[in-house]
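> Mind having a look at this structure? Questions to follow.
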Amino acid sequence: MMQETARDAREPIARIVQAIRERQRFVLSSHARPDGDSIGAQLALAHALERLGKTVRIVNHDEPPPSLQSIPGAETIDVAGAVTGQYDAAIILECSSLDRTEVAGLDRYFLVNIDHHAGNRLYGALNWYDPSAAACAEMVYDLVAALGVPLTPPIAVPLYAGILTDTGSFRHANITRRTFDICSHVAASGVDVAGVAAGIYQSGTIGRLRLTAALVDTMRLEARDRIALLHVDDALLRDTGCPPDDMDGLINLPLSAREVQAVIMIKTLDGTTRVSLRSKGEVDVRSVAASFGGGGHRNAAGFSIDEGPEAESRIVAAVAAAVESAAGGPAAASESPTASGPTPA
Ligand code: AMP
Ligand code: MN
């Protein structure tokens, strides 16, 4: 499968393989509020390193959300705001900048940065950054192969979980032929792929289901139904009984309507406001997030804001501009309501 690795990835992979061979004790970290790709990429790499006889700890700022706790090994992840142990290297997965981990002390170690987010800051002593990868888990697949570790189920299950979730269950434009090549190898390794999906998508809380109803009920539509605006706050989570870490994916609900081209979800929780953006096709919400100091991918991005509700109209205006520019400008947008429809599946 290594022949499927992008040519320009061979050199960084080779340097990371050498750095791993020369070292013994590793700490792995990923972004705060981890998602399926962060947990999947970490658990797969941790298992591969253990197969090589290395000592590995995974330290994240937050626990894996309920939907990811069925992935074997998720219970071994340490939750801490700082790392202090003796390690020969820290491998950071899925983070465009080191501060995305929200874990202090990582910069004291030899840093290896493995990520697929556009705009990665190249903060490592070794950097392997591939925005063409659908998931960081795809990159870890290549690294595991380069390390000569066989793709056994304890590695293949978390890799599949990362790819499944980061492609939106094989719906996003980030999918390539390589994605399916890797999944073919995962299936061949004996993984129960339907079981992995059920563990992630059919194991949520009743609170999440109640929140789903409330979100759709209170949704606001802007820009002639092209933008959906969702709000979550502490009171809503309390009333519905949804744990704050069981909201993953709910932002995608409005995209099921043909007219909706982008979704803005404003989460005001514990005194901080985070904004998540999702879009269809050419609508670039990463640039919108970047203009507010955040980042992400073209169709999935986010940022934090200090301001209160007054920021909302600016966010809606910025997303509306992104929708219009993808539709060929305001004129084209008003001529045909379907001009910026979803990319064909
Ligand atoms: P979320 O809406 O939190 O699921 O994030 C969507 C995408 O945007 C993910 O790829 C995140 O890693 C990225 N993202 C979210 N917030 C930020 C931020 N403040 N800075 C950089 N990237 C972000
Ligand atoms: Mn990812």
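> Among the candidates His31, His61, single out the residue that is modelled with pLDDT of 95 or more, touching a strand residue (DSSP E or B) at 6+ places or on another chain (Cβ under 9 Å) and buried (at least 21 other Cβ atoms within 10 Å of the Cβ).
Of His31, His61, the one residue that is modelled with pLDDT of 95 or more, touching a strand residue (DSSP E or B) at 6+ places or on another chain (Cβ under 9 Å) and buried (at least 21 other Cβ atoms within 10 Å of the Cβ) is His31.
> How many residues does the stretch 81-101 hold that are surrounded by 16 or more Cβ atoms within 10 Å (Cβ to Cβ) and assigned to a loop (DSSP other than H, G, I, E, B)?
7
> Based on what the data block shows, is Ile251 touching a residue at least 40 places away in the same chain (Cβ under 8 Å) and either surrounded by fewer than 22 Cβ atoms within 10 Å (Cβ to Cβ) or not polar (S, T, N, Q) (or both)?
Spelling it out, it is not the case that Ile251 is touching a residue at least 40 places away in the same chain (Cβ under 8 Å) and either surrounded by fewer than 22 Cβ atoms within 10 Å (Cβ to Cβ) or not polar (S, T, N, Q) (or both).
> Next up: Between a residue in the stretch 94-108 that is more than 11 Å from ligand 1 (Cβ to nearest atom) and any residue that is basic (Lys, Arg), which pairs come within a Cβ distance under 9 Å, given they are 6 or more apart or on different chains?
Taking only residues 6 or more apart or on different chains, the pairs are Leu98/Arg121.
> Something else now. Considering the stretch 236-253 alone, what residues qualify as being closer than 12 Å to Arg33 by Cβ and among the aliphatic types (A, V, I, L, M)?
Passing the criteria: only Met247.
> Check whether at least one residue in the stretch 158-170 is of a type in the set (Asp, Glu) and more than 23 Å from Glu50 (Cβ to Cβ), and report yes or no.
The answer is yes, given that some residue of the stretch 158-170 is of a type in the set (Asp, Glu) and more than 23 Å from Glu50 (Cβ to Cβ).
> Just to be sure, is Gly302 within 19 Å of Ala134 (Cα to Cα), outside any helix (DSSP H, G or I) and touching a His at 6+ places or on another chain (Cβ under 9 Å)?
When the stated conditions are applied, Gly302 does not pass them.
> Can you name the residue in the stretch 268-299 that is of a type outside the set (Ser, Thr, Tyr) and in contact with a His (Cβ under 8 Å, 6 or more places away or on another chain) and is also surrounded by the fewest Cβ atoms within 10 Å (Cβ to Cβ) among such residues?
The first filter runs over the stretch 268-299 and keeps only residues of a type outside the set (Ser, Thr, Tyr), leaving 269-271, 274-275, 277-278, 280-286, 288-290, 292-299.
From the residues that got through so far, the ones that are in contact with a His (Cβ under 8 Å, 6 or more places away or on another chain) too are 286, 295-297, 299.
Numbers: Arg286: 22, Gly295: 20, Gly296: 22, His297: 23, Asn299: 23.
Ranking the candidates gives Gly295 first.
> When residues of the stretch 162-193 are filtered for being in a helix (DSSP H, G or I) and within 21 Å of the chain's Cα centre (by Cα), how many remain? Even if it seems obvious, please write down each step before you answer.
Going through the stretch 162-193, the residues in a helix (DSSP H, G or I) turn out to be 162-166, 177-188, 193.
Right, trim to within 21 Å of the chain's Cα centre (by Cα) and you get 162-166, 177-183, 186, 193.
Count: 14.
> Hey, among Ile251, Ile206, Ile266, Ile227, which residue is over 23 Å from Glu310 (Cβ atoms), at pLDDT 95 or above and not polar (S, T, N, Q)? Full working, then the answer.
Values: Ile251 fails: over 23 Å from Glu310 (Cβ atoms); Ile266 fails: over 23 Å from Glu310 (Cβ atoms); Ile227 fails: over 23 Å from Glu310 (Cβ atoms).
Being over 23 Å from Glu310 (Cβ atoms), at pLDDT 95 or above and not polar (S, T, N, Q) holds for just one of Ile251, Ile206, Ile266, Ile227, which is Ile206.
> Here's something else I'd like to know. Of the residues Gly328, Gly341, Gly296, which is out of contact with any Phe, Trp or Tyr (no Cβ under 7 Å at 6 or more places or on another chain), in a loop (DSSP other than H, G, I, E, B), outside the structural domain of Cys136 (by TED's automatic domain parsing) and modelled with pLDDT of 70 or more?
Result of the check over Gly328, Gly341, Gly296: Gly328.
> Something else about it: Restricting to the stretch 296-317, what's the tally of residues that are more than 15 Å from Met265 (Cα to Cα) and within 8 Å of ligand 1 (Cβ to nearest atom)?
The qualifying residues number 1.
> Further question on the same structure: Determine, yes or no, whether Leu159 is away from ligand 1 (no atom under 14 Å from the Cβ), under 21 Å from Glu22 (Cα atoms), at pLDDT 95 or above and part of a helix (DSSP H, G or I).
no
The values are calculated or read from the model by the stated rules, or taken from the named source; none is laboratory data. Keep in mind it's a predicted model, so treat the numbers as computed, not measured. Cβ atoms come from the backbone with ideal geometry, glycine included; neighbour counts cover every protein chain shown.
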